[in-house]
Amino acid sequence: MAAAVAIATLLLTGPAPAQTIYRIVGADGRVTFSDKPPTVADNATVLGAGGRPMSPAAAVLPLELRQVAGKFPVTLYTSDGCSPCALGRELLSRRGIPFSERTVTTTEDSEALQRISGASSLPLLTIGSQQIKGFSDSEWTQFLDAAGYPKTSLLPAGYRAPPATPLVVLQKAAPAAKPDEAPAQPAPVETNQPPATTPANPAGIRF
C-alpha cells in the first residue's frame, strides 16, 4: 500500500515532459540556447529538467530516455561485498536504466548516507526525489515504471555507464608551505679604518 501511494505521488508531482535544450557556446564566446542538436563543431552542453547540465553519458541517450532521465535521475548507493547492491545494479543494467553509482566505504560516506536517507542500510535507490531503501525487484520495477522508464533497454550500442564514485570525495590537503630559507646574511659593511701610521707618515694623514 505504501509503495502504491509513493508511486502515485511520484506520478502526480512529476513535472510536465521536458524538452531537451542545448546550451551552445560559439567560437566568439557567445552563448545561445536551442532545441535542435548542435553540430559536431559546436561546443554544447545538454540541459535537463530545471536547466541542470546533463552528464556526457546522458547526453548521448535517445530522446525518450534522455527526457525521463532528466526528470527522474536514478542514483544507486552501494558498498563492497553487498549482495543486494549487486542485484540492484544488475536489474538497472539489464533494463537499460542510465544511473549514477555512489559507493559508501568510509566513515565520511556513512555519515553522508545517514544525512541523505536517515539510515545506514544499503542499497539505497533514488529516482528523482523518491528514495527506496533495500532491494526489491518488484518494488524497484514499479517505481521505474511509474517514472516512465522504458521496460526494455533503449541504450545505444557502445553506451558506457559512468564509473562509480565515492559518496564523499575527500579533498587532499594542500602541501604544507616549506619554511622560509634562512635570510641571507647581509654583506659586511666596510668601516673606515683609521689610517695606519708609518715611519714616513707618523701622523697617519691621508690625502
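The values are calculated or read from the model by the stated rules, or taken from the named source; none is laboratory data. Please read all numbers here as calculations on a predicted model, not as lab measurements. With ideal geometry, Cβ positions are generated from the backbone for all residues, glycine too; neighbour counts draw on all protein chains shown.
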Open item on the list: residue 110 - would you say it is closer than 17 Å to residue 79 by Cα, surrounded by fewer than 20 Cβ atoms within 10 Å (Cβ to Cβ) and touching a residue at least 12 places away in the same chain (Cβ under 8 Å)?
Closed with: no
Open item on the list: If residue 54 satisfies all but one of (1) farther than 23 Å from residue 141 by Cα; (2) modelled with pLDDT of 95 or more; (3) hydrophobic (A, V, I, L, M, F, W, C), what's the number of the condition it fails?
Closed with: (2)
